[in-house]
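For reference, the structure is listed below as structure tokens.
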Ligand code: DCP
Ligand code: MG
């Protein structure tokens, strides 16, 4: 409350009602208390969600402007491939990412098929992250082209919406990449607003208008609602978010358990999940110390392959991708060496295993006895893309899904590459550091 405002009230009170100064002080104390309580209760957040528009296509267009304005598909040109990304011009034909390339070509024969450049995508993704990290204290990089920014408290000196608009323009100016953003009181509503307004635009959802904004949309717009849940809801006769809003939460809980409750809350514009700060150093790793120092390259590579497979299974399970590999070796004289390599975002064994082996070959040049080897994956982002490289086929994607299903059911060593299965595996969860039935520091014979 401003001082002149207080003095004015004091003057009016004393003059008109004969209130003493002590009574007035009590009145002010009470009113301040009420204000502070109201502020605490309404300590609502302001979250901006920013997502780059047709990211892979937009980067490819920067490198080749003749692709502008045309239907473009990113993916392997073989018929067995899948569409990794497509331009908005291609989407008009009903094409979407993860669609078999063969079908996409049938829907739009004139579409231009571009074999993408993952190194470039990772580089441009880093550029955007750099801009955001310089301007926003708390942000989450939730996928290769998607960010949540916690702007809570920024309102007083610069309107959050105005500030987000400035940032959005800066991203475009400095990287050449179009994006869209949604701003609201929580992550879910902001994300839905971004998707609603795409491409190259933005939308602000005022506090208190969340339900009204969501009501006419299909339930499939709720981020948690995948194909399976959508079918369950459709069978219940639920198509619009409005219907969900009107349903008792208990019914949703009965049908879909705890997820049902969360979906109901999201449908009602309620979401208090925090923005999880992005940390470049976030990583998962695994290392093995040998009982007897070794120079057996075949054995060491086999162990590296097995460790890589186990770590990548964990990554996929956590819905994450990595873009940096580090290999570590410790010689018998305790000299420790590491070597790092940036890679396109991925979580697929068949992309990473060759890179791990390559890096090991470069690092292990002294041919001296080794006592320890390790592998670390860092620069993690959220993203459960089943498609990571353009030559990936539907068969390959299904193979990963089947393998991961078996690993989930029977343990992470249930399926291993022959090359990685020669040595006793260690059952270690790198996310929580816990072993599954075996000691953490198990040594390899
Ligand atoms: N991607 C992928 N596999 C998928 C989905 C996406 O490899 N199954 C890649 C290609 C996309 C990028 O990730 O360009 C970002 O994903 P988005 O879902 O944000 O899609 P786009 O950025 O292409 O389009 P939009 O404008 O709808 O955000
Ligand atoms: Mg995008």
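Each reported figure results from applying straightforward, stated rules to the coordinates on display, with no laboratory input. The model shown is predicted, which means the values in this text are computed figures rather than measured ones. Neighbour counts are summed over all protein chains in view; Cβ atoms, including those assigned to glycine, are modelled from backbone coordinates with ideal geometry.
Brief remarks on what is shown
- Put in order of Cβ neighbour count within 10 Å, fewest first, the listed residues 66, 243 become 66, 243.
- Zone residues, region 58-81, relative to residue 120, backbone N less than 17 Å from point 7 Å out along Cα-to-Cβ: 58-77
- Radius ratio Rg over Rh of region 44-207, counting only Cα atoms, Kirkwood formula for Rh: 1.02
- Order of 377, 158, 360 under a 10 Å beta carbon neighbour criterion, fewest first: 158, 360, 377
- With R₀ fixed at 22 Å, the C-beta to C-beta distance from residue 261 to residue 195 puts the FRET efficiency at about 0.45.
- In summary, region 223-272 shows an alpha-carbon radius of gyration equal to 0.99 times the 2.2 N^0.38 Å reference for compact globular proteins.
- Stretchable slack from residue 282 to residue 362, in nm (0.36 nm times residue separation minus alpha-carbon distance): 26.3 nm
- Rounded to 5, percent antiparallel among DSSP beta bridges of region 44-207: 75
- The slack in the chain from residue 249 to residue 68, taken as 0.36 nm per residue of separation less the alpha-carbon distance, amounts to 60.5 nm.
- If R0 equals 25 Å, the separation of the Cβ atoms of residue 107 and residue 239 corresponds to a calculated FRET efficiency of about 0.50.
- Taking 0.692 mPa s as the viscosity and 37 °C as the temperature, the Stokes-Einstein diffusion coefficient of region 267-340 based on its alpha-carbon Kirkwood radius rounds to 212 µm²/s.
- Compactness relative to 2.2 N^0.38 Å, alpha carbon Rg of region 167-221: 1.22
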